[in-house]
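What follows draws every value from the coordinates through simple rules; no lab data is involved. Source: prediction; values computed, not measured. For neighbour counting, all protein chains shown are included, and Cβ atoms are generated from backbone atoms with ideal geometry for every residue, glycine included.
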Amino acid sequence: MARAARFVMAVAALAWSGAGQAQDVASFYKGKTMSVVIASAPGGGFDTYGRLVARHLGAHVPGNPSVIAQNMPGAAGATAAYYVTSVAPKDGTVLGAIHPGNIIEPVLGDKRKVRYDPNAFQYIGNANTDVYVCVVRSDAPVTTFEEARKTELVMGSGGEAASTRDFPLLLNAVLGTKFKVVLGYSGNREVQLAIEKGEIHGQCGAAWSSVIATHPDWFRSGLVKVLVQEASVGNPELDKLGAPKAVDFARTPQERQVLDLVYSQEQFGRPYIMASEVPAERVAAMRKAFMDTFRDPAFLAEAKKMNLDVDPMSGEDLQALVRRVYDTPQEIVERAKAATAAK
C-alpha cells in the first residue's frame, strides 16, 4: 500500500510540475514580442519562409506573443547565426532562421573562422527538406550536365561561405565540371536578376523550393532550365522532368561519399534555432509550437498559395541529424573540405 501511495504521489507531482511549467511558459511569453531573425535579405526564399512562420507562430506559442520578422543578412548567414547564439537575448524571445550551410560550415570550412558551435544550438525545427539545383539560361552554351564538364559556364554567387559558391566548386573538384564562379552579389535575389539580364549563365547551390516559388515564370517562359540536381535524393517533380542527379555521375564510392556529405545539409534545408542558454521548458514549448504551426490549416493554405514546399522536421530529429553529420569519418570530411576549398 505504501509503495502504491508513493507511486500515485510521484505521478501527481510530475503532472503538477508539467502543468506548472506550461503555466510559467505562458506567463513568460504573454505580452512579449518575439523576433524571427532571418539570415538573408528581403525577397528571397529564406525570407519568404521566415516571414510566413513569423505570421503564424505566435498563435501556437503559450501566451500568444507577438512575432516579428527581422532580416539580418551577411557572411552567408553566419552573421545571424552568431547574433542569435551570442548577442541576442537568451530568454527564448529570439528565434534564428539560418542557412543549412551555417550548420555544416564548421565541418567543411575553417573552424577557426566560425564564431559559433552548431552542436551547441538548440534546434527548434526545420521547414522543409530541400533539393539544390544548378539552373542555367536556356541560351547558355551548355544544355546538359555532361557538356558542363567540357565547356565553361559563368555562375553567380553571394559569398565565400555560400552554397552558391561551394556547390559549383564541389562539382568542379569531384566531377570535373568547368563552372566559373563570380562572387560579390549581395544575395540570391541579385544573382537571379543577373541571370535575367544575361550577365551570367546561371547559378548552382540554389534551393529548388526557393527558385520555383520566386521565379515560376522562368520555367513557364523557358528562360531557364534545371541543369542538374545537387542532391543525394532527387525531387519527385524534377525526377519526372528528367533532371539528373549529380551523385549519379560519381565514378567511385569515395566520390559519392564526398557528395553525400556536402548534400546532407539539404535534409535541414531551413533550420530554426535558439541559443544554448534558453531554458529547456521554453525550448520544448517552441518546438511544439513550431510543429503545430506547420499543421495549422491557415498556415498550409497560405504556403500553398505562395507555392512553398512544406515538409517539417521536429527539433529533436534535427538535433539528432546534426550529431550524425558531425560524426562523419574524418577521411571523407577532408576530401569534402578540399573539394569545396578549390579555387
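Tabulated data for the structure shown
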| quantity | calculated |
| --- | --- |
| Relative contact order (percent, whole number), region 132-265, Cα cutoff 8 Å, 6+ residue spacing | 31 |
| Neighbour-limited loop hits for GluC sites (Glu not before Pro), region 109-152 (at most 14 other Cβ within 10 Å; DSSP other than H, G, I, E, B) | 146, 152 |
| Efficiency of FRET from Cβ geometry, residue 291 and residue 138, R₀ 41 Å, rounded to 0.05 | 0.55 |
| D_trans [Stokes-Einstein, Kirkwood Rh over alpha-carbon pairs] for region 132-265, 37 °C, 0.692 mPa s, µm² s⁻¹ | 225 |
| Under 5 Å, built H, 5+ apart or other chain: amide partners of residue 69 | 36 |
| Distance from region 128-174 to region 280-343 (C-alpha centre basis), Å | 23 |
| Isotropically averaged projected area of region 129-177, using the convex hull of Cα atoms (one quarter of hull area), nm² | 4.0 |
| Fraction of beta bridges assigned by DSSP in the chain that are antiparallel (%, nearest 5) | 55 |
| Cross-link pairs 111/337; 197/304; 197/225; 113/337 - those with Cα-Cα distance over 19 Å | 197/304 |
| Qualifying lysines (Cα of each under 25 Å from Cα of residue 32; at least 8 residues distant if same chain) | 90, 288 |
| Cβ-derived FRET efficiency at R0 22 Å, residue 237 paired with residue 316, nearest 0.05 | 0.15 |
| Cβ-defined net charge surrounding residue 211, 15 Å radius [Lys, Arg +1; Asp, Glu -1] | -4 |
| Region 132-265, dipole about Cα centre (Lys/Arg Cβ +1, Asp/Glu Cβ -1), debye to the nearest 20 | 160 |
| Size of electric dipole in the chain: Cβ of Lys, Arg +1 and of Asp, Glu -1, about Cα centre, debye, nearest 20 | 440 |
| In order through region 38-45: 3J(HN,Hα) via Karplus (6.51 cos²θ - 1.76 cosθ + 1.60), integer Hz, x for Gly, Pro | 9, 7, 7, 6, x, x, x, x |
| Charge-dipole axis of the chain as Lys and Arg at +1 and Asp and Glu at -1 on Cβ define it, positive-most pick from 303, 119, 231 | 119 |
| Stretchable slack from residue 182 to residue 23, in nm (0.36 nm times residue separation minus alpha-carbon distance) | 52.0 nm |
| Long-range tail of P(r) for region 165-231 (Cα pairs > 20 Å, %) | 27 |
| Hz values of 3J(HN,Hα) by residue in region 324-334 - Karplus curve (6.51, -1.76, 1.60), Gly and Pro given as x | 5, 4, 6, 9, 4, x, 4, 4, 5, 4, 5 |
| Virtual spin-label span in nm between residue 307 and residue 30, 7 Å along Cα→Cβ | 4.4 |
